[in-house]
1. Scan the stretch 1-16 for residues that are outside any loop (DSSP other than H, G, I, E, B), at pLDDT 95 or above and either hydrophobic (A, V, I, L, M, F, W, C) or farther than 14 Å from Val71 by Cα (or both) and report the count.
2. Just to be sure I understand, how many residues within the stretch 36-59 are buried (at least 20 other Cβ atoms within 10 Å of the Cβ) and touching a His at 6+ places or on another chain (Cβ under 9 Å)?
3. Enumerate the strands (runs of 3 or more DSSP E) found wholly within the stretch 48-139, keeping only those where 2 or more residues are among the charged types (D, E, K, R), under 20 Å from Ser34 (Cα atoms) and under 11 Å from the mean Cα position of the chain (by Cα).
4. Could you tell me how many of the residues in the stretch 69-79 are free of Cβ contacts under 8 Å to residues at least 40 places away in the same chain and surrounded by fewer than 16 Cβ atoms within 10 Å (Cβ to Cβ)?
5. State yes or no: is Glu144 surrounded by fewer than 16 Cβ atoms within 10 Å (Cβ to Cβ), of a type in the set (D, E, K, R) and modelled with pLDDT of 95 or more?
6. Please enumerate the residues belonging to the stretch 142-156 that are over 17 Å from the mean Cα position of the chain (by Cα) and more than 16 Å from Ala38 (Cα to Cα).
7. Mind checking which residues of the stretch 17-45 are farther than 17 Å from Gly96 by Cβ, of a type in the set (A, V, I, L, M) and at pLDDT below 95?
8. Kindly provide the set of residues from the stretch 97-156 that are touching a residue at least 40 places away in the same chain (Cβ under 8 Å) and of a type in the set (S, T, N, Q), ordered by number.
Amino acid sequence: MTATEPDDGLILRPATPDDAEAVADVHLRARAASPMPAGIHPDAEVRAWLAARLDGSGDEVWAAEVGDRVVGYARFTRTWLDDLYVDPDHAGAGIGSALLDLVKARHPGGFGLWVFVANEPARAFYAARGLVERERTDGSGNEERAPDVRMEWTPL
């Protein structure tokens, strides 16, 4: 894995355990600012859980950095994009698109993700970038018990 640097100064690089605090900050700030259900775990649990994801446990985690500050991240496996969050202060700057493009490049065979129905901006973001809705649920299978949508990206 190597870092990439688009022309705008954004650096996308593999996250390391040293990034755990910054990744958790982005996660918590982005969730709080989005129209999605409130998280059900205390911040300390979220931080510990994300730190464990950065230990090489099988998740691939990439950080988006601007000026030595982590401003977004993507966490994914071979078949699922589990997290893509951008700090609200950097929303709309192309960071989410750059992270999604990176996931597509790393998994050119396609992948899926879940997004809450209430998070209309995220659903629109993914749809505009080629992901297709495949399934809707009543939320009984997620911790928040909120309706969600499974979307997929498959290459042309």
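1. So the first thing to find is which residues in the stretch 1-16 are outside any loop (DSSP other than H, G, I, E, B), and the list is 4, 11-14.
So of that shortlist, the ones also at pLDDT 95 or above come out as 11-14.
Checking the rest, the ones that are also either hydrophobic (A, V, I, L, M, F, W, C) or farther than 14 Å from Val71 by Cα (or both) come to 11-12.
Residues meeting the conditions: 2.
2. Final tally of qualifying residues: 1.
3. Values: elements: 60-66, 69-76, 81-86, 111-116, 132-137.
In the stretch 48-139, 81-86 are the strands (runs of 3 or more DSSP E) which contain 2 or more residues that are among the charged types (D, E, K, R), under 20 Å from Ser34 (Cα atoms) and under 11 Å from the mean Cα position of the chain (by Cα).
4. Going through the stretch 69-79 one residue at a time, the tally reaches 3.
5. Details: surrounded by fewer than 16 Cβ atoms within 10 Å (Cβ to Cβ): yes; of a type in the set (D, E, K, R): yes; modelled with pLDDT of 95 or more: no.
The answer is no for Glu144.
6. Thr154, Pro155, Leu156
7. Answer for the stretch 17-45, where residues must be farther than 17 Å from Gly96 by Cβ, of a type in the set (A, V, I, L, M) and at pLDDT below 95: Ala38, Ile40.
8. Result: Asn119, Thr154.
The values are calculated or read from the model by the stated rules, or taken from the named source; none is laboratory data. Since the model is a prediction, treat every value here as computed from it, not as a measurement. Backbone-built Cβ (ideal geometry, glycine too); neighbour counts: all protein chains shown.
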